[in-house]
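Before any comments, here is the structure.
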Amino acid sequence: MANPMFDFNAAVENTRKALAPATRLAELALQGYERVARQQYAFAGELLELGLKQARIATEVKDTQEMATRQVELTTEWVEKATQRSQEMIKFMSEQQSELTRWYDETSTELGSQARKAA
């Protein structure tokens, strides 16, 4: 009586194929997390810079009028940067949503066709 040998390579390949959708989802999640983290890190740096500039203004000005003027300029500059960062984040979130939707559509179609073949 012959015992068929276990095909280890086929088992590994089948496992890889079975986990491919989950692996791709994890990649997408990691890419999104990294991009958001870098965005927030840059934003925190800008806030730190704003605080340092405000402290410098307090030591450099001669009167309250000059201080108010420089604070308005500094705040205006910071608001423009924050608005730009917000717009970048909205664009990224839209791109991430599209990518996840594409992943879902492809995965559900593929799994559906595999289920129909198996039935």
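Here are the numbers for this structure:
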item	result
Residues of region 53-82 satisfying the condition of being in a helix (DSSP H, G or I), more than 33 Å from the chain's Cα centre (by Cα) and without any contact (Cβ under 8 Å) to a residue 12 or more places away in the chain	Arg56, Ala58, Thr59, Glu60, Thr64, Gln65, Glu66, Met67, Ala68, Thr69
Any pair with Cβ under 7 angstrom, 6 or more apart, that starts in region 13-36 at a residue that is touching a residue at least 40 places away in the same chain (Cβ under 8 Å) and in a helix (DSSP H, G or I) and ends at one that is surrounded by 10 or more Cβ atoms within 10 Å (Cβ to Cβ) and of a type outside the set (Phe, Trp, Tyr)	Pro21/Thr107; Leu28/Glu99; Leu28/Leu100; Gly32/Gln96
Among residues of region 1-12, those that are outside any helix (DSSP H, G or I) and among the aromatic types (Phe, Trp, Tyr), counted	1
The one condition in (1) over 30 Å from Asn14 (Cβ atoms); (2) over 31 Å from the mean Cα position of the chain (by Cα) that Arg116 fails to fulfil	(1)
Test: Leu50 is touching a Phe, Trp or Tyr at 6+ places or on another chain (Cβ under 6 Å) and part of a helix (DSSP H, G or I)	yes
Residue that is under 30 Å from Ala18 (Cβ atoms), surrounded by 10 or more Cβ atoms within 10 Å (Cβ to Cβ) and among the charged types (D, E, K, R), where the choices are Glu99, Glu88, Glu66	Glu99
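Every number in this text was worked out from the coordinates using simple rules, so none of it is lab data. Here the structure is a predicted model, which is why all the values come from computation and not from measurement. Cβ sites come from the backbone with ideal geometry, for glycine too, and all protein chains shown count toward neighbours.
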